[in-house]
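The values are calculated or read from the model by the stated rules, or taken from the named source; none is laboratory data. Please read these numbers as outputs of a predicted model, since none were measured by experiment. Please note: Cβ atoms are built from the backbone with ideal geometry, for glycine as well, and neighbour counts cover all protein chains shown. Note: accessible area is taken over every heavy atom of the protein model, side chains too, but ligands, DNA and RNA are not part of it. Shrake-Rupley method; radii C 1.70, N 1.55, O 1.52, S 1.80 Å.
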There are 4 protein chains.
Amino acid sequence: MSNSFGKLFRLTTFGESHGEAVGGVVDGYPAGIDIDLDFIQGELDRRKPGQSAITTARKEADKVEILSGVFEGKSTGCPIGFIVRNSNQRSSDYDNMKDVFRPSHADFTYNYKYGIRDHRGGGRSSARITISRCVGGALAKLALKRLGISVNAYTSQVGTIALDSDYRKYDLESAEENIVRCPDKAKAEEMIKLISEVKAEGDTIGGTITCVIKGCPAGLGEPEFDKLHAALGSAMLGINAVKGIEFGAGFGMSARRGSEVNDLFFNDNGRIATRTNNSGGIQGGISNGEDIYFRIAFKPIATLLKDQTTVNKDGEEVNLKAKGRHDPCVLPRAVPIVEAMAAMTILDQYLLSKTIKL
Amino acid sequence: MSNSFGKLFRLTTFGESHGEAVGGVVDGYPAGIDIDLDFIQGELDRRKPGQSAITTARKEADKVEILSGVFEGKSTGCPIGFIVRNSNQRSSDYDNMKDVFRPSHADFTYNYKYGIRDHRGGGRSSARITISRCVGGALAKLALKRLGISVNAYTSQVGTIALDSDYRKYDLESAEENIVRCPDKAKAEEMIKLISEVKAEGDTIGGTITCVIKGCPAGLGEPEFDKLHAALGSAMLGINAVKGIEFGAGFGMSARRGSEVNDLFFNDNGRIATRTNNSGGIQGGISNGEDIYFRIAFKPIATLLKDQTTVNKDGEEVNLKAKGRHDPCVLPRAVPIVEAMAAMTILDQYLLSKTIKL
Amino acid sequence: MSNSFGKLFRLTTFGESHGEAVGGVVDGYPAGIDIDLDFIQGELDRRKPGQSAITTARKEADKVEILSGVFEGKSTGCPIGFIVRNSNQRSSDYDNMKDVFRPSHADFTYNYKYGIRDHRGGGRSSARITISRCVGGALAKLALKRLGISVNAYTSQVGTIALDSDYRKYDLESAEENIVRCPDKAKAEEMIKLISEVKAEGDTIGGTITCVIKGCPAGLGEPEFDKLHAALGSAMLGINAVKGIEFGAGFGMSARRGSEVNDLFFNDNGRIATRTNNSGGIQGGISNGEDIYFRIAFKPIATLLKDQTTVNKDGEEVNLKAKGRHDPCVLPRAVPIVEAMAAMTILDQYLLSKTIKL
Amino acid sequence: MSNSFGKLFRLTTFGESHGEAVGGVVDGYPAGIDIDLDFIQGELDRRKPGQSAITTARKEADKVEILSGVFEGKSTGCPIGFIVRNSNQRSSDYDNMKDVFRPSHADFTYNYKYGIRDHRGGGRSSARITISRCVGGALAKLALKRLGISVNAYTSQVGTIALDSDYRKYDLESAEENIVRCPDKAKAEEMIKLISEVKAEGDTIGGTITCVIKGCPAGLGEPEFDKLHAALGSAMLGINAVKGIEFGAGFGMSARRGSEVNDLFFNDNGRIATRTNNSGGIQGGISNGEDIYFRIAFKPIATLLKDQTTVNKDGEEVNLKAKGRHDPCVLPRAVPIVEAMAAMTILDQYLLSKTIKL
């Protein structure tokens, strides 16, 4: 159960960083959707390693191969299987980490849980396995496009460099124009400089990503346990290195009064709309037709290229300095993953919403 | 699907605020557990309305009736059905809200989604339905006690009044000694004063709750989509009025470097432990044996006893001043609900962890 | 997980024969359906004990109480909770079976599985728990009626007395006119006579029930693992005492050639229809628009009012003659249960089918 | 949801007959199991086409490639992805069936359900997709071997040629010694002769398969809706061409009395055993420690190499004589598929049974 996501639209993934391939199966994908393979590959390219000076130097083609579920360019309603071969592994980089647990990494917990693990490249806990999410997300986006729903994420903070304004002030598409994926050009340059410095020190840095969903109809989200907050939250909190999420005005609302933050309804030419959107487009756990937006906290990547003390499998305290090719900051490559998870969640909820009435 | 929670330990709930009863079914509860009915009722009493000057004045006995699954004081492995009768409804209080949507409330989204809703007392979106969660949580706690796992939540912020220190500085049990459920006596008094003022104005106020799980073994949490972050996050984000969550050092880690926040391992007399716990007890999505802790943001309750502009079903703009008996601040009564959701999540994950090896 | 049925339309049940109540929750029920309470109670009355000379003498009012999910006579899309109180228990009848395992009954397997069981009246393994299925089935029928789909079951064999003809030769509604629920009046009398004889001997007898679903649209059923055969089969094989099922010409087709049993398509005034229906309305696991029909094998009820040798909990061999009020033949009261399970399955599949296209 | 099987052990499949590849993902596989790749390939070889004179002439290497979840020869608890390339397609054989619905085949129902289908080689409805089941089943068998549980199926009837005796009279392993997979040598020859005759006529023939599970502990099976009957039944009724199933003495018990068919318990040197096994090893939906056995009805394969009348997409009545390479009888190649589905079901239930007690 642990490797499937979604209820009606359902992605199941497999693969390790240094195994044969990563891949997955998308089940429950609607029939009759035009499958644009270039778009899917493009989404993968957005997360691939080695794409810029501030990401890992591992070079992978990451070419996706769709194996089923598409016929004459259209989805058939049958499951879509896909794989991406691993090719540029340097497993020997990980020899010194075979029996040693990197601080704050999944090494220890995997080993404890399963009693066995593929340590090479982080195995199943590697960010490489998010490839499958990007493919699933790209498919979801193709379906959402037909529904007029868009999903855009961007880097809103790196270290202490944070955007001053909220998403409404930016051209969200412009985030793709720089390598840190931030729609504020000046801030982007500061962020890139900071990441470069951190990288030079063998250190890593955290940050936040903001995600915005536009065009989402009212009525999505199951009201009791599977509120849209819970569904999107679960999706985001399942991304590597994520430690927090807030919707709309989020933690800020904890310090405020109802009369300050309630979103008043008005009649916007026939549509019932709200004058403010502190709710982030979700009320009572259900979308209300306004923009959905949320912010996600990423901790710094655990693997450092500098000395740290830790223990090995035998409980002996040792010094560890990682080798291998690692990102100094997860955010630039995490932006497409956030979008992918959001797109899959919304499509799944959309399909669920079709079953409410006969 | 929307009204069930958990995978192996599974709570399904039903009920509306002004219907006949609220209740639920707990399925997958382990056989052979001693069922302490007084403890269960005690947990319900912690969330019941009318318990203090800062909660709603609605008076309900909220007496739980266990209907099945217990025989001679022990769980049988069969589903545990239970109900709590509604008795102190004053449905006429809601007559003026029948066709009007309260700002930032679930009124509009429910109506849009289903085309029909029981408006009395908020119907299914009422906080009253969390009774079923408290019963499920109490059962989960009874099982966790056998495993040496404890779950404690407390109010850590109301409005701008926030605790200075983290959970390690407090006697968590002492939170029950005041009506706002805060383990810092002086801050508790400030909070109570603030809530009373807000109440007098017909307004409401937000805050945060912190939850701490001790004694949880390493190895809980499914590593890919159902990380322990995701499971706990989904549980918390499904609580009414919750708008955010952060684990361990949370959003604070977004501004930091790996070398500052990584939790270094050491050998603690044979147990592999960490010197700090910025991870909040979860690494790679799996518990690592340290305390699990997280903080949850609650927005102010939407229903105000003061004038607000809004629209009705016909899209006409109207003034609304709610009647009825409403809480000015959700936190004091939400503390047991947070604990209940956490307890159920941990028990569910514990059961899942038993299936990893033959 | 074991006590829930269905994917989108989902019934969760609880209760034991001699506990406080039996009941359940229907989740995923479409909003806006007229809820006819008399119809639901009528369906329960069809399965209640003591309804005729050939059923158990236990007398129960079996009055259903709907607790939620219905507002002003219509379903709201919220979960429908319901209970039926147990009242006419005579638990002392079961004292001699407390530590003894009835042959071919669930006594031994429950005890082995859980290490504890409520032995009174068969506890959770009692046919009494099918009450919840009847309520769920009645709700499903109300929704299917709107779709023009009918479900009818009838007793087609008791012992060696079997109907000569297939369902097309009978007025299926007429099965309700006699106490054995067989649409062939003459055969019905023979069956009743046989059951009376068997009862007089303290023995029990098996039989078959046939179920027919008319008006079901083509396209229901998930093609790979959840074929309509599998969904209906699982529903039926979960009924107490069922040991087999066959669809359409069933086991008979094992002895035949494709050229003999293939159902040839033809154009029936614009509808693609088949000239024969050996497939029983299901091809490739999906409904084809023809009548769906299948036949279910019931073994004789295990509990005999005559001596049998068996063992007790300590493994000692003992003689057992049951007391209590037991049915000599399960079929008359099983007919509404078969219909209920079929109705819930078809409604669930109908809802699933709505999600295939955007 | 439609393409996944199992709850804790979970197989998700993809692929079409003439697509790039078929494959799947096994999730929830226990960690630490020795993965014998030759055994897995051997199981695939048992179902592959072209293996004898009485199967289809399509020649495929059907070489399985395991892509993840195995490290240094052992399972890691991570999902096991696998693919088998399609190579020997002759899609042009299907040109005349592109717009025509084969009688009793899935052509019509798929087309109706999805509005689009890959007609080549039967697409997703092809028996070829059972490759993924064989791989999942082989993995399950490797785990069951550690538990001392064996699963054996064999052809027990072809047309009117049926075995006289029940499974206890045969050496079940010997079924592999002949191409029809029947443990009765003389009957096997008759069956082979019959299939050859039927094949020469361009016709097809049905039959039954019997499956026996030995060494299964008591206590498997969820007692309410997911009885072991229901779980195994659903697994079997999801196999192509299956139209019925009966457990133990099955339909035969419908004609008998309780006193004739009840299985009396006795003390078998400390183990509670039954003197007969009409129950087929399942009582109250739970395994009782005796052999589990059941019989499955297969209809004749729908595709005939002789003329049949049918309709095309436009509803026009046409004559159809299939081309392509088709099996005249599904049974010989279905034997390993039956075993695979049974093995996966039992492993899944075994894992579930570990969660009943703390």
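Amide H to amide H, with H built 1.01 Å from N, B:Phe266 comes under 5 Å of B:Ala273, B:Thr274, B:Arg275, counting only residues 5 or more places away or on other chains.
Quickly estimate the mean residue ellipticity at 222 nm for chain C, helices only: each DSSP H run with n ≥ 4 gives -39500 (n - 2.57), and the total goes over all residues, rounded to 500. Walk me through the numbers before you get to the answer.
Details: 7 runs with 89 residues, N = 358.
One gets -8000 deg cm²/dmol as the mean residue ellipticity at 222 nm.
Pairs over the 22 Å Cα-Cα cut-off, from the set A:Lys313/B:Lys141; C:Lys169/C:Lys214; A:Lys141/C:Lys227; B:Lys48/B:Lys141; B:Lys299/B:Lys323; C:Lys227/D:Lys321: A:Lys313/B:Lys141; A:Lys141/C:Lys227; C:Lys227/D:Lys321. Couplings for region B:257-272, taken from phi via the Karplus curve 6.51 cos²θ - 1.76 cosθ + 1.60 with θ = phi - 60°, read 9, x, 5, 8, 10, 4, 9, 6, 7, 8, 9, 9, 6, x, 9, 7 Hz in order; Gly and Pro are left as x.
Give the average, rounded to an integer, of partner chain Cβ atoms located within 10 angstrom of each Cβ in D:166-172.
Numbers: counts 0, 0, 0, 0, 0, 0, 0.
Across D:166-172, the average partner-chain Cβ count within 10 Å equals 0.
Are there DSSP H segments in chain C that both extend 20 Å or more along their axis (alpha-carbon positions) and score a mean Kyte-Doolittle hydropathy of at least -1.0? List them, or say none. Membrane-span-like by this criterion, though nothing is claimed about a membrane: C:131-147, C:185-200, C:331-353.
State to the nearest 20 debye the size of the charge dipole of chain A about its Cα centre, where the only charges are +1 on K and R beta carbons and -1 on D and E beta carbons. Mind dumping the intermediate values first?
Numbers: 46 positive and 45 negative charges, 50 e Å.
Charge dipole of chain A: 240 debye, to the nearest 20.
Other chains near B:137-146: what is the mean number of their Cβ atoms within 10 Å of each residue's Cβ?
Values: counts 0, 0, 0, 0, 0, 0, 1, 1, 0, 1.
Per residue, the average neighbour count from other chains is 0.
With a 1.4 Å probe and all protein chains left in place, how much of the accessible area of region D:4-353 comes from carbon and sulfur atoms, in whole percent? Carbon and sulfur atoms account for 46 percent of the accessible area of region D:4-353.
For region C:1-78, the set of GluC sites (Glu not before Pro) satisfying both a DSSP loop assignment and a count of at most 16 other C-beta atoms within 10 Å is given as C:Glu72.
Could you order B:Lys299, C:Lys193 by accessible surface area, starting with the largest, using a probe radius of 1.4 Å?
Details: B:Lys299 25, C:Lys193 130 Å².
Descending accessible area places them as C:Lys193, B:Lys299.
Taking the Cα centroid of region C:201-243 and of region A:285-311, what is the distance between the two, rounded to the nearest whole Å? About 49 Å separates the Cα centre of region C:201-243 from the one of region A:285-311. Need the C-alpha centroid separation for region B:58-86 versus region A:118-160, integer Å. Taking the Cα centre of each part, region B:58-86 and region A:118-160 sit 44 Å apart. Interface of C with D. Using a 1.4 Å probe and counting protein heavy atoms only, the two chains hide about 8400 Å² of accessible surface, both sides summed.
Restricting the trypsin sites (Lys or Arg not before Pro) of region D:58-144 to loop positions (DSSP other than H, G, I, E, B) with no more than 13 neighbouring Cβ atoms within 10 Å leaves D:Lys59, D:Lys63, D:Arg90, D:Lys98. Database remark: amide H of B:Ala297 closer than 5 angstrom to the amide H of B:Lys243, B:Gly244, B:Ile245 (H placed geometrically; neighbours at sequence offset of 5 or more, or on other chains; Pro and chain starts carry no H). Summary value for region D:4-353: 23 percent relative contact order, contacts being C-alpha pairs under 8 angstrom separated by 6+ residues.
The residues of region D:203-248 listed by number as losing at least 40 Å² of accessible area in the complex, against the isolated chain and with a 1.4 Å probe, are D:Asp203, D:Ala218, D:Pro223, D:Glu224, D:Phe225, D:Lys227, D:His229, D:Ala230, D:Ser234, D:Leu237, D:Lys243. Protein heavy-atom accessible surface, 1.4 Å probe, per residue over the protein assembly as shown: 30 Å².
Using a 10 Å cut-off on Cβ to Cβ distances, tally the other chain neighbours for every residue of D:317-326 and report the average as a whole number. Could you put the intermediate results ahead of the total?
Details: counts 4, 1, 0, 2, 0, 0, 0, 0, 0, 0.
Whole-number average of other-chain Cβ neighbours for D:317-326 is 1.
Charges were assigned to the Cβ only: +1 to each Lys and Arg, -1 to each Asp and Glu. The resulting dipole of the protein assembly as shown about its Cα centre is roughly 0 debye. Give the cross-link partners of B:Lys145 among the aspartates and glutamates, using a straight C-alpha distance below 13 Å as the criterion and excluding same-chain residues fewer than 8 apart. Candidates past the 8-residue exclusion: B:Asp34, B:Asp36.
The amide H of C:Phe5, built 1.01 Å from its N in the peptide plane, has C:Leu11, C:Thr12 as neighbours under 5 Å, considering only residues 5 or more places off or on other chains.
If only the Cβ of Lys and Arg carry +1 and only the Cβ of Asp and Glu carry -1, the dipole of region B:52-205 around its Cα centre is close to 620 debye. A DSSP coil position with no more than 16 other Cβ atoms inside 10 Å describes the following GluC sites (Glu not before Pro) in region C:291-358: C:Glu316.
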